[in-house]
Amino acid sequence: MEPRALKSQRVVTYDNKQNKRNKRNKRNKRNNKRFGSIPAEDCGPVRVAFVASIFGHFESFHLPYMALLQQKGCEVHAYAQPGEARLRLEEKGIVCHDVPIQRSPLQMQNWAALGILTESFKEEGFQFIHVHTPVASILGRIAAHKAGVPCTLYTAHGFHFFKGAPFLNWMLYYPLERLMARWTDVLITINREDYERAQKFSIRKKVTYVSGVGLDLQVYGSEQGHPETASEKADRRRQLFDLPKSDQDEPPFVILCVAELNANKNQKQLIEALGQLGSQAGNIHLAFAGTGPFEQTLLELANRLVVSDRVHMLGYRRDIPDLLRACDVAALVSYREGLPRAIMEAMAIGKPVIGTHIRGIHDLIEHESTGMLVPVGDITATAKAFTQLRDDPALTTAMGEANKERIIRYGLPAVLREMDSIYIEALNKEERKRVPSEMHASLSGD
C-alpha cells in the first residue's frame, strides 16, 4: 500500500487542472511582460516540463527560458521537491508538481519519485522535458523514456566527475551519465571540459555548448542614485563590510568571496593566504558573503592565524551587486565548479577575480588579463595575488574593464538566443518557427 504522505502528494501534484488552464495561459502573457524583449509567438497547445531537485533552482536560473517557452504558447510545468519557491513559480503561470526527489542517489525516496514522474509524464503528454541537477536529471530521463516523451534535453551544470575529482565520484556518476546518454537527445554543457568529455557519450542527437545560464547584465550596470563624495563612499563601504576606520593614506583593500561556507568553496585557502602575509597584509581585508556549515571553522582558523580583525562574515545578503561595486577584488577558490555565477557577477560589475585554476573558473578568467588563477591549495600563490593586485591599481582597473567586455558573451541576451535554437528544434514542428528577427534585434543589447 502506498504511504499516506505520497498519496497526499499525488493529490497535490495531479489535481485536476484542466479548468484552470485557460486562466493560466492568460496569466502567462500578463506575467511575462517583464521579459518584454521576447514577443509572443503562438506554437499551439504544447506542454513542456523542467525537472530539478528543488524549485529554487528554476527560480534562480531558468525563469527567462520558461518565459520564452510560455510566450511561444507552450504550457510550462516544473517538477521538484516541495518548497516555498513553488508559489512564486505558480504566480508566473508555471504548473508545479511536488516530487520527493532526493539529492543523494542512494535515497529510497527516489524510487517513489521515479514512479510519480513516470505517471505524470504519461498523463501530461509533454513534447519535451528539460532536466537539471544530477539525481533529478537521472530520474527525469528514465521517466521520460518509460513514458515515451519525444525529446529529452539535459543541461549538465558541472559533471561530478572532472579532472582532480574524488575516485568515488568517477565510480558513481561517470557510469550513470554514460548510461543515461542513450536516453538523452541533447546534452547541453556550460564549460569546455564537460563539453569535450561529453563528446564521447552515445547521445541520441548531439552534445552542444552554451555560455552558461545567462546573466542579466542590466542588474550589474552602473549604480543609480545621486553622486557620492569620497567621504560618503568610504563611509558606505565601511558599513557594508563592517570595516574599521582607517587612514585615508592606506584605505582598506577588500577581497570579497560570495559563496556558501562549505568544504568545496575552500574559503580557508583565502584565510591561510592572509595569515601567511603577516605584516605584509597591511590593509587587506577578506569579506565572506554567505552562510554554511564551515562558518565556525573559518572563524577559528582566522583566530589561530591572528587575522580575525581582517576577516568579515557578512552572512546571507540580498545586496550582492552593492557589495561587488564596493569591493576591490572578487575571489572564488573552489575545488569544483560548473560555470560559477559568482564570478560572472563580479565580471559584470567590472572587478578582477582571484580564482583557482579549475574547470569553469578558467573558462571565465584569463590569467593576468582579467584576473589571477592560482592552483588549488597553493597558499603562496594566493598571497602573491593579493599583494600584486593591491599594489598595482592600474592593473586592477584594467582587469575589471576587460571583464566587462568578456562577460557579454555570457549575458542573458546571448544565452537566450542559444537556448531558443535548441528549444525550436526540440519542439520539432514546422509551424513552430524561430522567434521573429525583431526578438534577436532586441536581445542584441546588454
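Here is a yes/no grid of residues against (1) among the basic types (K, R); (2) closer than 20 Å to C151 by Cα; (3) surrounded by fewer than 19 Cβ atoms within 10 Å (Cβ to Cβ):
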residue	(1), (2), (3)
S60	no, no, yes
C74	no, yes, no
G93	no, no, no
S104	no, no, yes
F126	no, yes, no
H130	no, yes, no
Given the criteria at pLDDT below 95, under 30 Å from A263 (Cα atoms) and out of contact with any Leu (no Cβ under 9 Å at 6 or more places or on another chain), does L179 qualify?
yes
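Yes/no per residue for (1) surrounded by 20 or more Cβ atoms within 10 Å (Cβ to Cβ); (2) under 20 Å from L114 (Cα atoms):
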| site | (1), (2) |
| --- | --- |
| P150 | no, yes |
| P175 | no, yes |
| L179 | no, yes |
| V186 | yes, no |
| N191 | yes, no |
| D194 | yes, no |
| Q199 | no, no |
| K205 | no, no |
Hits in the range 157-173 (condition: open to solvent by 40 Å² or more (accessible area, probe 1.4 Å) and either in contact with a helix residue (DSSP H, G or I) (Cβ under 7 Å, 6 or more places away or on another chain) or charged (D, E, K, R) (or both)):
H160, K163
Could you list, ordered by first residue, the pairs with Cβ atoms under 9 Å in which the first is in the range 382-396 and assigned to a helix (DSSP H, G or I) and among the acidic types (D, E) and the second is open to solvent by less than 40 Å² (accessible area, probe 1.4 Å) and modelled with pLDDT of 95 or more, at least 6 apart or interchain?
none
Conditions (1) touching a Gly at 6+ places or on another chain (Cβ under 9 Å); (2) within 16 Å of H77 (Cα to Cα) -> G140 fails only (1)
Hey, among the residues in the range 303-348 that are assigned to a helix (DSSP H, G or I) and out of contact with any strand residue (DSSP E or B) (no Cβ under 8 Å at 6 or more places or on another chain), which one's most open to solvent (accessible area, probe 1.4 Å)?
R304
On the given criteria, is N266 within 28 Å of R359 (Cβ to Cβ), in contact with a Gly (Cβ under 7 Å, 6 or more places away or on another chain) and outside any helix (DSSP H, G or I)?
no
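What residue, of T397, T387, T380, is open to solvent by less than 60 Å² (accessible area, probe 1.4 Å), modelled with pLDDT of 95 or more and among the hydroxyl-bearing types (S, T, Y)?
Criteria check complete, one pass: T387.
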Expected single match for part of a loop (DSSP other than H, G, I, E, B), touching a Phe, Trp or Tyr at 6+ places or on another chain (Cβ under 8 Å) and modelled with pLDDT of 95 or more among I354, I358 is I358
Of everything in the range 111-124, what is open to solvent by 10 Å² or more (accessible area, probe 1.4 Å), among the hydrophobic types (A, V, I, L, M, F, W, C) and either in contact (Cβ under 8 Å) with a residue 60 or more places away in the chain or in contact with a strand residue (DSSP E or B) (Cβ under 9 Å, 6 or more places away or on another chain) (or both)? Give them in sequence order.
A112
State which residue pairs qualify: first residue farther than 17 Å from F294 by Cβ and inside the range 256-282, second residue open to solvent by less than 10 Å² (accessible area, probe 1.4 Å) and not hydrophobic (A, V, I, L, M, F, W, C) in any location, beta carbons under 8 Å apart, and separation of 6 or more residues or different chains.
none
Pairs, please: C-beta under 9 Å, at least 6 apart or cross-chain, first residue crowded, with 24+ Cβ neighbours inside 10 Å and in the range 135-147, second assigned to a helix (DSSP H, G or I) and small (G, A, S)?
A136/A113; L139/A113; A143/A113; A143/G115; A143/S120
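The values are calculated or read from the model by the stated rules, or taken from the named source; none is laboratory data. Everything numeric in this text was worked out from a predicted model, so none of it was measured. Backbone-built Cβ (ideal geometry, glycine too); neighbour counts: all protein chains shown. Areas reflect the complete protein model, heavy atoms only, side chains present, ligands, DNA and RNA absent. Shrake-Rupley method; radii C 1.70, N 1.55, O 1.52, S 1.80 Å.
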